[in-house]
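Some notes on the structure that comes next.
The values are calculated or read from the model by the stated rules, or taken from the named source; none is laboratory data. Everything quoted here is computed from the prediction, not taken from an experiment. All Cβ positions, glycine included, derive from the backbone under ideal geometry; neighbour counts span all protein chains shown.
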């Protein structure tokens with residue numbers, strides 16, 4: 001008897017909308033060749049590690065002048081916007097626990113072409129953002145070396161000609177990932193704990209300089225200022241979905257992945273609000289305005305010693321390096337799912353002796369290292385925002401569709417108030433996408449055209465789902 005969830009048609013334009021049966025996806029997850037070693041804590045560390053990075057170290061100086069001292073509320077508002085999509089991710093991560101994240105969810109609910117677009121967006125989000133983060137890490141490393149040893153790398157090796165540190169950090173992360181998922185999880189957990197502790201250290205130091213007068217007037221630009229700053233800081237929350245790429249390496253994905261997604265967002269929100277509130281309360285908005293290293297600026301103003309700012313700089317180096325590791329992991333796992341479906345070459349789903357996709361990881365690591373070393377990313381890096389928001393939007397739609405097509409499907413977590421919550425998540429994604437710069441849209445348009453060419457030239461002809469019809 002044919003699977004009731006399999007509504008594909010064999011050929012023609014409508015075949016682009018064929019969906020992959022959820023039961024087939026679940027069977028692939030149950031018989032995965034990857035190693036199931038990740039419990040709840042490593043999954044939380046994976047998501048927190050991917051989220052808690054460059055954003056809080058630089059974005060506060062840009063957002064504080066817009067909202068005033070109420071910038072702490074802006075972080076809470078941005079977290080609420082992210083929460084709508086996080087709840088949708090949590091349901092699908094428990095119901096469809098595979099490595100493909102939003103790509104696999106779209107394949108199960110919206111069809112092959114939409115899934116391809118979603119996967120292509122994820123490759124943009126993960127791949128280019130890793131390169132961009134690595135370039136940022138290079139700058140922080142130079143600042144840290146200058147503060148501690150009084151030396152800096154030659155300009156020709158740190159961005160003017162080639163960005164050697166950026167390539168090195170990507171290759172180091174690649175080596176850790178090739179070493180095995182258990183080892184990668186241990187490194188991720190340690191670095192995530194360290195950077196949370198560094199930010200809590202900042203909060204403790206800033207509290208001693210806290211002055212209530214610095215919080216008045218609290219919201220000089222009113223609600224418009226708070227929401228405007230919330231749009232700026234929203235992208236500091238991108239990354240909470242990283243746990244959803246570990247569906248085939250989690251010990252109990254139906255139970256732990258939804259928890260990891262929601263808990264990681266809660267942890268990041270608390271840290272962000274505390275840092276923003278204590279920073280503004282300690283030095284005021286004027287000091288933060290325009291600073292690219294706003295947290296270090298706060299510590300320099302509050303203490304006569306140089307070591308607190310040095311500790312914070314070290315935390316920034318650790319934070320950004322761990323983002324490189326976790327996001328690179330996410331990209332390789334999305335490629336595993338796409339390769340297994342035949343939409344990209346099979347080399348990306350081959351598993352090595354350590355039960356990790358070794359060839360996939362090495363290829364991705366080398367390509368991203370070259371990008372980080374040689375390409376001035378500019379507006380292309382900003383296009384990762386569109387890739388992320390498109391994926392978020394499709395996940396919100398997927399929850400609504402799967403509730404209608406498979407109401408009987410076991411779910412480790414159920415998004416509350418469907419369809420209201422997913423529609424709010426979709427609306428927030430649309431609102432934020434609409435506000436992005438024209439140059440960002442252009443870069444995304446070029447990327448999308450390339451993706452469609454690849455799909456029709458290779459993916460559609462090699463689709464495993466099409467072969468099985």
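Looking at (1) in a loop (DSSP other than H, G, I, E, B); (2) within 24 Å of the chain's Cα centre (by Cα), which one does residue 210 not meet, given that it meets all the others?
Every listed condition holds for residue 210 apart from (2).
Of 319, 296, 314, which residue is within 15 Å of residue 139 (Cα to Cα), under 27 Å from the mean Cα position of the chain (by Cα) and surrounded by fewer than 20 Cβ atoms within 10 Å (Cβ to Cβ)?
Values: 319 fails: surrounded by fewer than 20 Cβ atoms within 10 Å (Cβ to Cβ); 296 fails: surrounded by fewer than 20 Cβ atoms within 10 Å (Cβ to Cβ).
Checking each option against the conditions leaves just 314.
Could you tell me whether residue 261 is more than 27 Å from residue 324 (Cβ to Cβ), modelled with pLDDT of 90 or more and crowded, with 20+ Cβ neighbours inside 10 Å?
Details: more than 27 Å from residue 324 (Cβ to Cβ): no; modelled with pLDDT of 90 or more: yes; crowded, with 20+ Cβ neighbours inside 10 Å: yes.
No.
With the checklist (1) under 30 Å from residue 160 (Cα atoms); (2) crowded, with 24+ Cβ neighbours inside 10 Å in hand, flag the one item residue 336 doesn't pass.
Just one mismatch for residue 336, condition (1).
Going by what's in this entry, would residue 450 be described as at negative phi, at pLDDT 90 or above, surrounded by fewer than 17 Cβ atoms within 10 Å (Cβ to Cβ) and assigned to a helix (DSSP H, G or I)? Can you show your working first?
Working: at negative phi: yes; at pLDDT 90 or above: yes; surrounded by fewer than 17 Cβ atoms within 10 Å (Cβ to Cβ): yes; assigned to a helix (DSSP H, G or I): yes.
Judged against the criteria, residue 450 is a match.
Residues that are at pLDDT below 80, touching a helix residue (DSSP H, G or I) at 6+ places or on another chain (Cβ under 9 Å) and closer than 30 Å to residue 232 by Cα: list the helices (runs of 4 or more DSSP H) wholly contained in the range 1-67 that include at least 3 such residues.
Working: elements: 22-30, 40-51, 54-58, 60-67.
Result: 54-58.
Determine which member of the set 277, 288 is crowded, with 19+ Cβ neighbours inside 10 Å and within 24 Å of residue 136 (Cα to Cα).
Numbers: 277 fails: within 24 Å of residue 136 (Cα to Cα).
Exactly one residue qualifies, and that residue is 288.
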